[in-house]
Amino acid sequence: MLLKIEKETHAQMHTLEAIMASLIMVAIIVYTVQATSLTPLTSSTANAHIEAQLQTMGQDMLNALSYSAYGHDPDLKTDILNWDGKQYVWNGTAYSTIKSPIYELQSSSLARTLEFIAVKRGIAHNVYFSWMDEEGVTASRRYIYNGDPSNNAVVISKRVQLSNGDVGNVTDFETRTGIPDADNSTDFYNIVNVKMALWRM
């Protein structure tokens, strides 16, 4: 009888030890998870948060510039039509060419928006115009360039359709920008893909 009581006592002690060990393991796991993965200050979480902010910011900028009042062209289309084919960089006070003679980017809604939103927040940015020719080959040129993007850069794009009526003098426009008439048989001229890369410096 005494032996049976001792066995039951030992069994209860082993059960209690197992429960305590399990509780300690659960507490360690919970502490570890809270101290690492769920902390908003960790590198991966912070980078993902910044990238999401940049993605939203860039998309909002392109959406706003793509809006047009009735009877008017969107600002983004106007910027493409007014482009002189040159590459511009931010020089600390304005967007200008790096070659001589130096020209400043005039009457560009996209440049003004980037200056007001991106430059003031220390966000580096590049803007590219890309299009296809009659044979379906894609070409791309820099509009605004501020260096090679980092690994955490986000890219946002918006397509803008151009017609012969938008362009006016087709030969002059193609010579100036390099954007060709993709279909000579219709009023359709080309589709320009505006790509914007944003990243933290």
Meets criteria (surrounded by 14 or more Cβ atoms within 10 Å (Cβ to Cβ), free of Cβ contacts under 8 Å to residues at least 24 places away in the same chain and either in the same structural domain as Asn63 (by TED's automatic domain parsing) or in contact with a Pro (Cβ under 8 Å, 6 or more places away or on another chain) (or both)) for Glu174: yes
Which numbered condition Asp187 misses (of (1) touching a residue at least 12 places away in the same chain (Cβ under 8 Å); (2) surrounded by 14 or more Cβ atoms within 10 Å (Cβ to Cβ)): (2)
Meets criteria (hydroxyl-bearing (Ser, Thr, Tyr), in contact with a Ser or Thr (Cβ under 7 Å, 6 or more places away or on another chain), farther than 30 Å from Asn184 by Cα and free of Cβ contacts under 8 Å to residues at least 40 places away in the same chain) for Tyr88: no
Count of region 63-85 residues which are aliphatic (A, V, I, L, M), buried (at least 16 other Cβ atoms within 10 Å of the Cβ) and either without any contact (Cβ under 8 Å) to a residue 40 or more places away in the chain or in contact with a Lys or Arg (Cβ under 9 Å, 6 or more places away or on another chain) (or both): 2
Every residue from region 141-179 that is closer than 30 Å to Ala48 by Cα, assigned to a loop (DSSP other than H, G, I, E, B) and not acidic (Asp, Glu): Tyr145, Asn146, Gly147, Pro149, Ser150, Asn151, Asn152, Ala153
Residue match in region 122-133 (condition: charged (D, E, K, R) and within 25 Å of Glu174 (Cβ to Cβ)): yes
Scan of region 113-130 for residues that are surrounded by 14 or more Cβ atoms within 10 Å (Cβ to Cβ) and out of contact with any helix residue (DSSP H, G or I) (no Cβ under 9 Å at 6 or more places or on another chain), ordered by number: Glu115, Val119, Ala124, Asn126, Tyr128, Ser130
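The values are calculated or read from the model by the stated rules, or taken from the named source; none is laboratory data. Since the model is a prediction, treat every value here as computed from it, not as a measurement. Positions of Cβ are generated from backbone atoms using ideal geometry, with glycine treated the same way; all protein chains shown enter the neighbour counts.
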